[in-house]
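The numbers here are math on the coordinates, done by the rules we state, and not lab data. As the structure is a computational prediction, the values presented were derived from the model and not from experiment. No Cβ is skipped: glycine too gets one built from the backbone with ideal geometry, and neighbour counts run over all protein chains shown.
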Amino acid sequence: MLVRFILMMFLSFVIFIHAVFAETPATAPPTNSHSLAQTLAAMTPIKPTPAVIAEAEKLIEATHAIAMGQQLAGAMTTAMLPKIGAGSWPPQKLQATQQIIKEEMANAINATIPELKQRMIMIYAQNFTAEELHAINEFYATPAGQKTIELMPKITQQAIAIGISESEKMLPAMEQRIRQRFVSAGITLN
């Protein structure tokens, strides 16, 4: 059961990171072939101007990206908690365990917010010009942009539900393979 919970938390974290850092055309992997030199040059950080950084920060704030990330992480943790010890642990132990995990996940996520926000700002600042970010920010100020911001948590939750459902389908086989590898490596879990 613990292995299953750890796997679900890992898969949920992957889904969360993907949701927060969803690929935009500017951050998606290139579809055409590049030489190694071109790929490495594209990976070299560009020092964005203060104007670009300001527009990127405005975008992060306008889209409520940090709050949405926190909300999604909390929802995923809450969704995973019932899987811990369900049916096999006494209620008091189950409740205490779930509370500790919920609190520690929240603490871990909250501790990363300042760095996460700065990284998100830099991702946008390194991939867009100030003018492009300004245009994106102008879009988010329109009724369609506001609706996009309003519906994004709902759409993301629906996407996460699909991801969790698919993860649960593949989990038994993955759990079996991991357990077999643990046995082969001499790892025991109690």
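Net charge in the neighbourhood of A62 (other residues with Cβ under 11 Å of its Cβ; Lys, Arg +1, Asp, Glu -1) is -3.
Ranked highest first by average number of other Cβ atoms within 10 Å, how do 147-158, 126-137 line up?
Details: 147-158: 13.5, 126-137: 16.7.
Highest mean packing first, the order is 126-137, 147-158.
Pairs K102/K169; K102/K147; K58/K154: which exceed 28 Å Cα-Cα?
In this structure, K102/K147 exceed 28 Å between Cα atoms.
Of all aspartates and glutamates in the structure, those lying under 17 Å Cα to Cα from K117, and not within fewer than 8 positions of it along the same chain, are E23, E55, E57, E61. For M76, the shell of other residues with beta-carbons less than 12 Å away shows a net charge of +2, using +1 for Lys and Arg and -1 for Asp and Glu.
Near E131, once Lys and Arg are set to +1 and Asp and Glu to -1 for all other residues with Cβ below 11 Å from its Cβ, the sum equals -3.
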